[in-house]
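Notes follow the structure.
The values are calculated or read from the model by the stated rules, or taken from the named source; none is laboratory data. All values derive from a computational prediction rather than experimental measurement. Reconstructed Cβ throughout: ideal geometry from the backbone, glycine too, with neighbour counts over all protein chains shown.
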Amino acid sequence: MRALEDAIARLNGDGDYIARALTESLLVERPIVDEPSLSPEEIDFLISSGEFTAEEFDDIATRVRRGDLEAGAANALVAGLHRTMSDDDVRGFLDLDDKELNHLVTARRLYAVDVAGRRRFPSWQFSLSSPGKLLPHLTEIIALLAEEHWISASGLMSTPQSEMVMEGEHTPVEWFRAGGGIEALVEILETERWR
């Protein structure tokens with residue numbers, strides 16, 4: 001565990017916290033042996049339906065047994081956490097005290113999530129080039145993303161979108177920093193194509 005914490009800290013992350021959050025996430029995963037396996041008839045049906053070839057099914061089954069799904073979830077968590085900021089980081093970046101920070105979160109003017117018992121702030125919402133160092137339209141964005149999982153929301157905010165074009169596709173973060181309107185994000189979320 002100490003080696004993992006040190007490796008994460010070297011990447012400019014909160015090593016102890018991220019290692020603990022990853023451990024908690026992995027502990028809640030069901031063991032692979034608890035997963036019900038498909039019957040031979042179900043396997044035959046999937047292959048005969050044309051959904052998979054026998055080779056594709058064997059490859060997928062091998063990856064599942066190996067724990068690829070759990071590893072993918074752990075990878076997404078670590079990558080997501082690495083792109084977040086702690087309370088201390090945000091207070092320093094925005095020059096706030098505890099009361100001011102708590103007020104911004106309560107008023108939904110900052111996007112905060114609870115991960116492994118600690119409040120974290122996805123870093124996509126901060127912008128040195130914007131007034132107040134916050135992404136334009138942030139309160140509207142927070143309201144639109146309220147029902148989404150924070151990792152999915154962070155992925156959306158950092159993925160180029162075909163609806164956000166100004167001399168090429170932009171991520172929502174780039175779009176809003178360049179002065180784009182909130183309507184494009186509303187359209188993306190309404191179509192649900194991003195999921």
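Of the residues making up the range 168-191, those that are under 14 Å from Leu138 (Cβ atoms) and buried (at least 18 other Cβ atoms within 10 Å of the Cβ) are Pro172, Val173, Trp175, Phe176, Gly180, Leu185. The number of residues in the range 89-118 being among the acidic types (Asp, Glu), modelled with pLDDT of 95 or more and in a helix (DSSP H, G or I) comes to 2. Is the range 120-143 home to any residue that is farther than 25 Å from Ile18 by Cα, free of Cβ contacts under 8 Å to residues at least 24 places away in the same chain and not assigned by TED's automatic domain parsing to the domain that holds Ile18? There is at least one residue in the range 120-143 that is farther than 25 Å from Ile18 by Cα, free of Cβ contacts under 8 Å to residues at least 24 places away in the same chain and not assigned by TED's automatic domain parsing to the domain that holds Ile18.
Restricting the range 65-88 to residues that are modelled with pLDDT of 70 or more and surrounded by 13 or more Cβ atoms within 10 Å (Cβ to Cβ) leaves a set whose member that is nearest to Ser158 (Cα to Cα) is Arg83. Got at least one residue in the range 151-167 being surrounded by 19 or more Cβ atoms within 10 Å (Cβ to Cβ), modelled with pLDDT of 90 or more and assigned to a loop (DSSP other than H, G, I, E, B)? No: zero hits. Residue count for the range 168-195 under the criterion of being among the charged types (D, E, K, R), part of a helix (DSSP H, G or I) and touching a residue at least 40 places away in the same chain (Cβ under 8 Å): the result is 1. Note on the range 23-55: among residues that are acidic (Asp, Glu) and at pLDDT below 60, the one that is surrounded by the most Cβ atoms within 10 Å (Cβ to Cβ) is Glu35.
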